[in-house]
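Here is the structure we will look at.
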Amino acid sequence: MKRKLTWLLSLTLVLSVFLAACSGGDDNASDDSGSSSEDVKQVLNLINGDAIPSMDPSKATDEYGFQFIGTTMEGLYRLGEDAEVKPGIAEDHEVSEDGLTWTFQLREDAKWSNGDPVTANDFVYAWQRAVNPDTASEYGPYMMGGVIKNATEVSKGELPLEELGVKAEDDHTLVVTLANPTPYFESLTTFGTFMPLNQKFVEEKGDAFATSSDNLLANGPFILENWESTSQKWDIVKNEDYWDADTVKLEQINYVVVKDNQTMVDLYEKGEVDRASLSSDLVDQYSSDEDYTIKPDNSVFYFKMNQTRNEALANKNIRLAISRAFDKESLVNEILNNGSLVANGLLPANFTPMPDGSGDFREVSGDLVTYDVTEAKKYWEAGLAELGVDSLEVELLGGDTDVSKTMNEYLANQLQTNLPGLKVTLKQVPFEQRLDLDTNMDYDLQISGWGPDYLDPYTFLDLWITDGGNNQMGYSNTEYDKLLEETKTTLATDNEARYQNFLAAEKILFEDGAIAPIYQRGGAFLSSQKIQGLIENPFGATYEYKWVSVGSAE
């Protein structure tokens, strides 16, 4: 959501109803009339694919966390329909002529759920906390490094927190100094890592902060209730103290964790939930149902290949072989069968156009790595020769839902069949455990994915910068790093040149066999027609519920 959208995403995310694409159709998300909802109970019952790993904006790294942070909190701005930036805690802002100084005027009627006012210092504290080395945040340095002045140096302990480029001029004036001109900075402020925090509350709670509903504060449209970090059920209720509460129609959203798609559908047919994700074996059965819908999104999934734990994956030819050794068409058409698309590059299709008008980035960049058994075997044999062996064993880390397991088994079988002498052992774990294994680089191969955090190719390509916070697989290429660095410095104001660097960088990534793209996510699901005004965000939190209402499901 994006991502993390990391946007660090596990296969679990693909398969949960929580991530199934949904839109409000012709309903205008900003229309507050809600005539069809006045006599209807404003309550939704939804499914989440797993527990929420973290509600701490400084520490969240996954789509579940960012979804519920985005639902209960509000930054300077929030995303509306068609990714239009809407007012949040900021009413307005001014940008200096050189694009480096952004001055935000904050509204005076914004409150925390404990009654405290939301002030500029709440942003200063939160942003400093996100890059404080003691916080050990992954997203703070990642999202703010190279964007906010001195963020990288502060996160490395080279400068004190006070040198971060964010200051409270007074309670309602926030001044942000950027490291480089950043055209997408306004939309970046909608992302979960940039949410404010009430310093007194956070410090009073200490290690208990954000571990349960009692240890959270909200300043957004909703409040999280009945939640602990291991909860399988929780509720979202309307925040009556939210500055724009009159706009919010929903009174409550009840969530339950369900991983099995058949169970989801059974609950849907009983009327106990209002949305249900469909696995491939259920799509044909429900494809003619009036509540059936299908839609690809901007998240791309791929094999991460850890070059530090398994010596074989440090070999370029072995990685290139793996990249070409599995049939993606059969995967998306038979295993997923939900509108997902084959991915032959990192950036998704229809995400961002080239600034020179030459077409969509994915179309211009083209297919960089495709399924080709003949080529895969050539690289495989060369790699084995270089390693001086005739067989290899690797562990594949994936999710633990039913469809995840089916896909893991399919991919493992494809690799073993097409690469003679390869043995793949499966390690299938819950989402939160996979995140820990990824962070600790305790895996060989991993099915991972990324959803964009803002509308720019950099949100995907900077994942693989040397020693980057989301790299976590030991990949490094100095030319790649140089191309990405130039897009934020010498080329920051030349968008056409920036995109040429992005094209060159993506090509290097696959020439090195750094990752192996699998698919661009789609979602097939049943969704009640009573859900009106739901926005699917192209980045950040997957869904926006502020403007949702419940109408009659006629």
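All of the numbers you see were taken from the coordinates with simple rules; none came from a lab. Keep in mind that this is a model prediction, so the values were computed, not measured. No Cβ is skipped: glycine too gets one built from the backbone with ideal geometry, and neighbour counts run over all protein chains shown.
Given 328/405; 205/249; 378/423; 156/488; 41/530; 86/249, which pairs have Cα atoms separated by over 21 Å? Pairs exceeding the cut-off: 205/249. For the pair residue 467 and residue 39 in one chain, pulling the backbone fully straight at 0.36 nm per residue adds 148.6 nm over the alpha carbon distance.
Using only Cα atoms, figure out Rg for segment 252-311 and give it as a multiple of 2.2 N^0.38 Å. Present the calculation step by step, with values, prior to reporting the outcome.
Details: Rg = 16.8 Å, N = 60, 2.2 N^0.38 = 10.4 Å.
The value comes to 1.61.
Which percent, nearest 5, of DSSP beta bridges in segment 297-522 are antiparallel?
Values: 14 of 23 bridges.
In segment 297-522, DSSP labels about 60 percent of beta bridges as antiparallel.
The residues 316, 259, when put in order of fewest to most other Cβ atoms within 10 Å, stand as 316, 259.
Got the relative contact order for segment 297-522 handy, in percent, Cα pairs under 8 Å and 6 or more residues apart? Intermediate values should be presented prior to the final figure.
Details: 418 pairs, mean separation 80.6, N = 226.
RCO, segment 297-522: 36 percent.
The smallest convex shape that holds all Cα atoms of segment 399-516, its convex hull, gives 128 Å³ per residue.
Going by how many other beta carbons lie within 10 Å of each one, how would you line up 404, 549, 229, fewest first?
Values: 404 23, 549 27, 229 13.
Exposure proxy ranking, most exposed first: 229, 404, 549.
Measuring from centroid to centroid over Cα atoms, what is the spacing of segment 343-422 and segment 501-517 in Å? Computed from Cα coordinates, the inter-centre distance equals 13 Å.
Put the Cα centre of segment 93-122 next to the Cα centre of segment 184-237 and the gap is 18 Å. Overall shape of segment 297-522 was characterised from the C-alpha gyration tensor. The equivalent ellipsoid obtained from it has semi-axes of 28, 20, 17 Å, in decreasing order. By the gyration tensor of its Cα atoms, with a ≥ b ≥ c the square roots of the eigenvalues, what is the shape of segment 316-448: rounded for a/c under 1.5, prolate for a/b over b/c, or oblate? Verdict is oblate for segment 316-448. The fewest-to-most ranking of 431, 201 by surrounding Cβ atoms within 10 Å reads 201, 431.
Rounded, prolate or oblate: which fits segment 311-358 when a ≥ b ≥ c are the square roots of the eigenvalues of the alpha-carbon gyration tensor, with rounded for a/c under 1.5 and prolate only if a/b beats b/c? Cα axes put segment 311-358 in the oblate bin. Which residue, 280, 234, 218, has the largest displacement toward the positive end of the dipole of segment 210-337 when charges sit on each Cβ (Lys, Arg +1; Asp, Glu -1)? About the Cα centre, the residue reaching furthest to the positive side is 280. Beta bridges from DSSP with both residues in the chain: antiparallel share about 80 percent, rounded to the nearest 5. Here the alpha carbons of segment 79-177 define both size measures, Rg and Dmax, at 14.3, 41 Å. Phi angles across segment 371-386 convert, under the Karplus curve 6.51 cos²θ - 1.76 cosθ + 1.60 with θ = phi - 60°, into 3J(HN,Hα) values of 5, 7, 5, 4, 5, 4, 5, 5, 5, 4, 5, 5, x, 4, 4, 5 Hz, Gly and Pro given as x. Under 11 Å from the 7 Å Cα→Cβ point of residue 95, by amide nitrogen: which residues of segment 341-362? No residues fall inside that zone.
Using the Cα coordinates of the chain, the gyration tensor eigenvalues translate into equivalent-ellipsoid semi-axes of 36, 30, 21 Å, sorted from longest to shortest.
Across all directions, the shadow cast by the convex hull of segment 477-535 built on its C-alpha atoms averages 7.0 square nanometres.
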